[in-house]
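The values are calculated or read from the model by the stated rules, or taken from the named source; none is laboratory data. Source: prediction; values computed, not measured. We place every Cβ from the backbone using ideal geometry, glycine too, and count neighbours over all the protein chains shown.
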Amino acid sequence: MSLLSSESSQRVALGELIHRENSRVNGALIPTLQVDAYLDKVLARGECLLHLQRSCLAGALLGYCNAPDKDLAYVSLLIVAEQTRGQGIGETLLDAFVSMAAHRGFSRIQLEVDVDNQAAISLYNKFGFYYIHSDNLKLLMQLSLPGRNPDS
Ligand SMILES: CC(C)(COP(=O)(O)OP(=O)(O)OC[C@H]1O[C@@H](n2cnc3c(N)ncnc32)[C@H](O)[C@@H]1OP(=O)(O)O)[C@@H](O)C(=O)NCCC(=O)NCCS
């Protein structure tokens, strides 16, 4: 039986993945006390792509791809378990989200990333994301998509 066979076990595993990364980066990912509220919101209103490895959660992408005007999709969180990084999981998850947004006819995808998060910035650059705004702490990046799919 899969460890993540139910929605509640997926949620627990996601929470654990986020809390582990938060401990590593001193709460910089999502403020620790807000993780539950964050998951409530994004799991109810957004998209949740999971990557399993041997029935365990190795990575997840949480985002929004359902705005009625199909203008802007948004990657809220991309996270890969520390022990499975460097195996292409982040790339696979992002590719799945970009494909979903393109298939649904969205025009662009945005995300925010810490200015010093070189691994993530390099991944986003590889997909063609470019900076549209930056301050001392965060970069706002965007990927332009072909636009509305006439079949959708
Ligand atoms: C960023 C993150 C999702 C990358 O996931 P990953 O599965 O390790 O990445 P992949 O193995 O798919 O690598 C894909 C590309 O990302 C970039 N990349 C990944 N790790 C990197 C590193 N340590 N240094 C530089 N670039 C890196 C490279 O461009 C790589 O392509 P390449 O293999 O052709 O060089 C992962 O490091 C992570 O979860 N970090 C903590 C959470 C986080 O910061 N998320 C982003 C918040 S916006």
Assigned to a loop (DSSP other than H, G, I, E, B), out of contact with any Cys (no Cβ under 6 Å at 6 or more places or on another chain) and β-branched (Val, Ile, Thr) - does that describe any residue in the stretch 12-20?
-> no
Matching residues, the stretch 93-116, being farther than 18 Å from LEU139 by Cα and over 15 Å from the mean Cα position of the chain (by Cα) = ALA102, HIS103, ARG104, GLY105, PHE106, SER107
Could you give me the residue pairs with C-beta distances under 8 Å whose first residue belongs to the stretch 133-151 and is at pLDDT 90 or above, whose second residue is of a type in the set (Asp, Glu) wherever it lies, and which are 6+ apart or on separate chains?
-> LEU137/ASP114; LYS138/GLU112; LYS138/ASP114; LEU139/GLU112; LEU139/ASP114; LEU140/GLU112; MET141/GLU112
Being touching a residue at least 40 places away in the same chain (Cβ under 8 Å) and out of contact with any helix residue (DSSP H, G or I) (no Cβ under 6 Å at 6 or more places or on another chain) is the filter; apply it to the stretch 17-34 and report the residue that is nearest to ASP116 (Cα to Cα).
-> ALA28
So, of the residues in the stretch 68-92 that are touching a residue at least 24 places away in the same chain (Cβ under 8 Å) and closer than 14 Å to SER107 by Cβ, which turns out to be farthest from the ligand (Cβ to nearest atom)?
-> LYS70
Complete set of residues in the stretch 97-111 that are closer than 19 Å to GLY59 by Cβ and either surrounded by 14 or more Cβ atoms within 10 Å (Cβ to Cβ) or touching a Phe, Trp or Tyr at 6+ places or on another chain (Cβ under 6 Å) (or both) | PHE97, VAL98, MET100, ALA101, ILE109, LEU111
Quick check, is ASN117 away from the ligand (no atom under 16 Å from the Cβ) and out of contact with any Phe, Trp or Tyr (no Cβ under 9 Å at 6 or more places or on another chain)?
-> no
For ALA28, all conditions in the list (1) surrounded by fewer than 17 Cβ atoms within 10 Å (Cβ to Cβ); (2) in contact with an Asp or Glu (Cβ under 9 Å, 6 or more places away or on another chain); (3) closer than 21 Å to GLY128 by Cα hold save one; what is the number of the exception?
-> (3)
Restricted to the stretch 124-139 and to residues being closer than 30 Å to ARG54 by Cβ and surrounded by fewer than 17 Cβ atoms within 10 Å (Cβ to Cβ), the residue nearest to the ligand (Cβ to nearest atom) is LYS126
